[in-house]
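The values are calculated or read from the model by the stated rules, or taken from the named source; none is laboratory data. These figures come from a predicted structure and were not determined experimentally. Here the Cβ positions follow ideal geometry from the backbone for every residue, glycine too, while neighbour counts run over all protein chains shown.
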Amino acid sequence: MKVIIVGCGRVGARLALQLVGEGHQVAVVDQQVSAFDRLGREFSGQMIVGNCIDEAVLRRAGIESADCFCSLTNGDNRNLMAAQIAQRFFKVPRVITRLYDPIRESVYREQGLETFCPTTLGADLVHDYFIDGINRGHAGPSIGHPEPATGHTEPGTKPPALRAS
Amino acid sequence: MSKEAELPYVIIVGGGKVGYHLTRHLLERGYEVTLIEKDAARAEWIEHQLGTVSVMVGDGDEMAFLATTGIERARVVVGATGDDEDNLIVCQLAKVKFNVPRTVARVSNPHNVAVFRALGVDAPVSATEVLMGLIEAELGSELVRGVAVKASGTCLVDLALPLVSALVGKRVVDIVLPRGGFIVCIVRSGKPLPPEPDTVVEPGDELVVYSQLLDVAEVGEALARA
């Protein structure tokens, strides 16, 4: 699969490395050359320095033949614009956008954009841990398979305290 | 109702040089204008200059803030910041969430003009594109007297025909311009004539031609060759 990632921050870089490791073809776009340091010297994917809302830059990343497009820069508006160029202009089959603002997220989701919001995800995660005693943020079976809240947990199965990871 | 009250309400997002002068100009013409500026110090400066209370400090892309600006009765919203992505999102939110009838966006990267139009902005305006059109007109052909660029991305080109032009003696119907361009008006001895199909071009005529933007040089060359 050919994937374009715009924004080589923590999330973008981690995803790029993961996908390359799985044998996918990956192109990462970022304005800052230094951002690519996160990928390490061994990274075998394509790295493009440029503005992700410039169609010429996206063409250089091979957007015309991409299967997936991920908008992961730090700016919501930048992510929204890049995603809309990918979806409406270049007809990339699968496009996902990160948006920090939950309100903008709901507006653009209504408009047919696939989105996720770390703000609501993060708040829900902490809420569930404190209120329902489930730590979904911890690597383990609860990720992707949320267990129903039981209200009381067996001794020894209580999730560990939140840690910085 | 007074005449002032009937003038449409305009919201401008971004108080840089473009936003500031636009606001000032519209106020001078009696429009009701609200300027939205992120930076409180800049907003205060503009307010001081304009002597009005029409500057609001806030984020033009925050829905809750936009809702406090009276945006639902705005006839025009202008995205005038220096960032294309911010101008696009402001215009889209205005259109989709507040049913603003007309959105105008300042576009820095000329490639984005087509993108903005496809994504629902009514009038994307690129200073670079306008300047490019004028420069190309200037360099491409000495025949070009003036260019008026329209929000639709097309332009009207005012062409002076040299006496030797091969167009002299041709009928309007026989003059074929590239990419769907056509003659809008013939100026003869300083007077405009509507171009009838049988109108014959005379020495010294001036032609006003409708054409796609950035094809100005091409139009000039085609006419010079014709």
Is the stretch A:30-43 home to any residue that is within 13 Å of chain B (Cβ to nearest Cβ) and over 16 Å from the mean Cα position of the chain (by Cα)? yes
Answer from A:ALA27, A:ALA35 - the residue that is of a type in the set (Gly, Ala, Ser), over 26 Å from B:GLY120 (Cα atoms) and in a strand (DSSP E or B): A:ALA27
From the option list B:GLU85, B:GLU47, B:GLU72, single residue qualifying as more than 20 Å from B:VAL125 (Cα to Cα) and in contact with a helix residue (DSSP H, G or I) (Cβ under 9 Å, 6 or more places away or on another chain) is B:GLU72
Give me the helices (runs of 4 or more DSSP H) completely within the stretch B:108-226, filtered to those with at least 1 residues that are within 30 Å of A:PHE90 (Cβ to Cβ) and at pLDDT 80 or above, ordered by residue number. B:112-118, B:127-140
Check on B:VAL13, modelled with pLDDT of 95 or more, surrounded by 18 or more Cβ atoms within 10 Å (Cβ to Cβ), more than 14 Å from chain A (Cβ to nearest Cβ) and under 25 Å from the mean Cα position of the chain (by Cα): no
Consider A:ASN79 carefully, then state whether it is touching a residue at least 40 places away in the same chain (Cβ under 8 Å), within 22 Å of B:LEU93 (Cβ to Cβ), within 13 Å of another protein chain (Cβ to nearest Cβ) and part of a helix (DSSP H, G or I). yes
Looking only at residues that are of a type in the set (D, E, K, R), more than 14 Å from every other protein chain (Cβ to nearest Cβ) and part of a loop (DSSP other than H, G, I, E, B) in the stretch B:17-73, which one is surrounded by the most Cβ atoms within 10 Å (Cβ to Cβ)? B:ASP39
Residue that is closer than 20 Å to B:VAL96 by Cβ, in contact with a Lys or Arg (Cβ under 8 Å, 6 or more places away or on another chain) and away from chain B (no Cβ under 11 Å), where the choices are A:THR115, A:THR97: A:THR115
Mind checking which residues of the stretch B:74-104 are closer than 12 Å to B:GLY14 by Cα, crowded, with 18+ Cβ neighbours inside 10 Å and more than 11 Å from chain A (Cβ to nearest Cβ)? B:VAL77, B:VAL78, B:ALA80
Which one is nearest to B:GLY60 (Cα to Cα) among residues in the stretch A:100-112 that are away from every other protein chain (no Cβ under 11 Å) and in a loop (DSSP other than H, G, I, E, B)? A:TYR100
The residue that is surrounded by the fewest Cβ atoms within 10 Å (Cβ to Cβ), considering only those in the stretch A:59-76 that are within 11 Å of another protein chain (Cβ to nearest Cβ) and of a type in the set (D, E, K, R), is A:ARG59
Kindly indicate whether B:LEU7 is within 23 Å of the chain's Cα centre (by Cα), surrounded by 20 or more Cβ atoms within 10 Å (Cβ to Cβ) and over 23 Å from A:GLU105 (Cα atoms). no
For A:ILE85, are the conditions met, namely being outside any strand (DSSP E or B), in the same structural domain as A:CYS52 (by TED's automatic domain parsing), over 14 Å from the mean Cα position of the chain (by Cα) and over 23 Å from B:ARG117 (Cα atoms)? no
